[in-house]
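Remarks on the structure that follows.
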Amino acid sequence: MRRTPSAPAAALAAGLLLLAGCRGDDAGRGAADPRAGTAADPATVLTTDSERRGETIFSRENCGRCHSLFAAPPDEGEAPPPGPPVEGPLGSRVGPDLGSEGHRHSDDWHYAHLYAPTVVVASSRMPPSRHLFRPEAGRPVPTADAVDLVAYLQALGRARRDIWAEWRRREPSMPPSPSVNATTRRRGAALYGEHCAGCHGPQGDGRGAAAPLLETPPRDFTAGRFRFTSAPAGAADADLFRSLTLGTGTGSAMPSFEWLPADDRWALVGRIREFSIDGAAVPVVAPPATTAGAPAISAAAGDPSGDAVTRGRRLWQELECAACHGEGGQGMTRQEAAAGWSDETGAPIARSTDLRHACDYKAGASDAAIERSIVAGLGPGMPSYGESLPDPADRRALILFLRSLGPTWPRIRNRP
Ligand code: HEC
Ligand code: HEC
Ligand code: HEC
């Protein structure tokens with residue numbers, strides 16, 4: 001079992017005291033360590049200057065002292081579900097192999113983790129790298145070195161294939177939920193304290209110790225308002241189960257917990273429900289009609305000149321999706337869109353999703369997931385298009401158009 005139980009996430013201040021002398025400036029840094037990977041690793045090709053500088057920083061900081069870079073994705077066959085990173089023995093200081101790290105997490109997850117590992121992963125024995133940050137208006141801001149280091153981490157293992165993108169395009173399996181009893185409730189509370197409280201807060205109010213370090217704040221569960229749903233009215237238990245199975249990819253810091261047994265994930269869904277003001281009285285929403293029975297569309301998926309994609313492009317223009325996502329679907333910041341996007345609590349939504357890359361789709365990138373997002377919307381930032389798109393064939397055409405935007409899975413820019 002990974003991610004060993006431990007004390008609840010330490011407060012930021014406690015993190016500060018940790019391992020001050022463990023900065024990677026020991027003698028004999030990375031270079032001679034056979035476990036430290038290099039750009040010659042066929043699974044990793046560094047294409048930007050930032051990534052190449054990041055590799056130098058990885059060895060300068062002696063990260064290879066604890067991390068190998070072996071776990072390259074297999075050449076062919078279905079990519080395995082991600083699972084937890086492979087860790088050393090329980091509670092050991094040996095870090096997981098980072099060979100497939102690229103696109104496992106968002107950039108802001110990495111920054112928070114580098115700055116204060118134990119607030120993000122309670123049991124972590126990784127030393128913090130505070131020197132890669134500078135204070136600005138009371139918040140730690142990544143230095144150019146930290147930005148390059150994270151660009152390098154995001155490149156690891158993606159030369160041949162992006163297993164995270166492939167995985168996010170699949171709909172996760174969902175075994176039925178077991179019945180709720182005192183044991184499952186206790187289990188849910190224990191798992192929550194161990195894996196979630198650092199970000200979502202011990203009270204579920206989104207104010208965990210890691211929250212100030214993240215670009216997109218963790219959800220406040222006490223409000224009972226969710227964003228990754230199958231209907232505008234709210235989240236079904238299945239939606240919550242899916243969110244914590246998938247995580248939010250590179251879109252924001254919510255990690256995937258696919259590696260926890262399904263019963264544990266259901267116990268966590270129960271725990272989330274207990275936080276909301278009116279307890280479990282959140283309506284269970286029926287999933288929307290899907291395109292499953294829709295008439296077939298003539299063009300092959302992804303053919304940019306096909307009929308369906310042309311129809312999808314027309315809908316994209318008519319519905320003015322580009323006003324918020326950019327002409328090429330690359331996503332926009334609030335400033336670029338000159339939009340006042342804010343979330344349920346009034347906090348700003350930093351940017352709209354980069355629709356060219358499966359990893360950036362926070363609610364998942366399977367056809368069904370994209371359809372859910374378009375039909376139900378994503379909370380206050382992204383409108384619901386259920387009424388504008390009643391015809392399943394139109395929804396399908398729009399999804400095919402979105403697929404045509406990024407057939408080659410371009411890189412996601414690194415956002416400081
Ligand atoms: C003293 C050993 C040690 C050193 C040095 C170290 N790490 Fe770690 N690292 C760990 C351990 C243990 C974990 C597992 C717990 C966790 O996720 O924090 C980890 C986890 C990670 C993860 C998370 C993997 C995942 O996807 O969950 C990343 C990324 C990472 N380290 C990057 C770095 C980088 C970059 C450096 C150099 C600045 C570094 N580490 C230095 C021990 C170390
Ligand atoms: C590293 C920080 C972090 C950790 C750890 C974390 N979350 Fe999250 N979580 C987030 C963030 C950030 C969001 C908001 C994502 C967004 O809006 O893009 C989120 C969103 C969610 C959502 C989506 C709600 C919705 O609106 O549909 C659920 C459900 C959730 N988290 C459950 C959990 C559970 C359960 C755990 C523990 C097993 C957990 N999270 C651990 C950061 C975290
Ligand atoms: C008013 C601005 C706005 C318009 C118009 C808009 N979007 Fe969005 N969209 C957003 C924002 C902002 C997000 C991210 C929301 C968040 O992070 O909570 C988003 C998210 C999405 C997502 C979910 C991606 C994910 O992260 O899982 C999809 C799919 C999407 N938009 C497609 C479309 C399509 C197709 C159209 C046109 C029919 C459209 N959007 C029109 C602002 C907009």
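Derivation of every value follows stated rules applied to the coordinates shown; laboratory data play no part. All values derive from a computational prediction rather than experimental measurement. Neighbour counts are summed over all protein chains in view; Cβ atoms, including those assigned to glycine, are modelled from backbone coordinates with ideal geometry.
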Revision key, fill the gap. Checking rank on 391-398, 333-340, with mean other Cβ inside 10 Å and highest first, the result is 391-398, 333-340
Revision key, fill the gap. Nearest-0.05 FRET efficiency for residue 60 and residue 94 at R0 = 22 Å, using Cβ-Cβ distance, is 0.60
Check your understanding: In a shell of Cβ-Cβ distance under 12 Å around residue 366, excluding residue 366 itself, what net charge do Lys and Arg (+1) and Asp and Glu (-1) give?
Key -> +2
Exercise for review: Report the net charge of residues surrounding residue 265, where surrounding means a beta-carbon distance below 12 angstrom and charges are Lys +1, Arg +1, Asp -1, Glu -1.
Suggested key: -1
Point to revise | Ordering of 223-230, 345-352 by burial proxy (mean other Cβ atoms within 10 Å per residue, highest first) | key: 223-230, 345-352
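Highest mean first, how do 170-176, 152-158, 256-262, 368-374 rank when packing is the count of other Cβ atoms within 10 Å averaged over residues?
Details: 170-176: 12.7, 152-158: 25.9, 256-262: 17.9, 368-374: 22.4.
Highest to lowest by the protection proxy: 152-158, 368-374, 256-262, 170-176.
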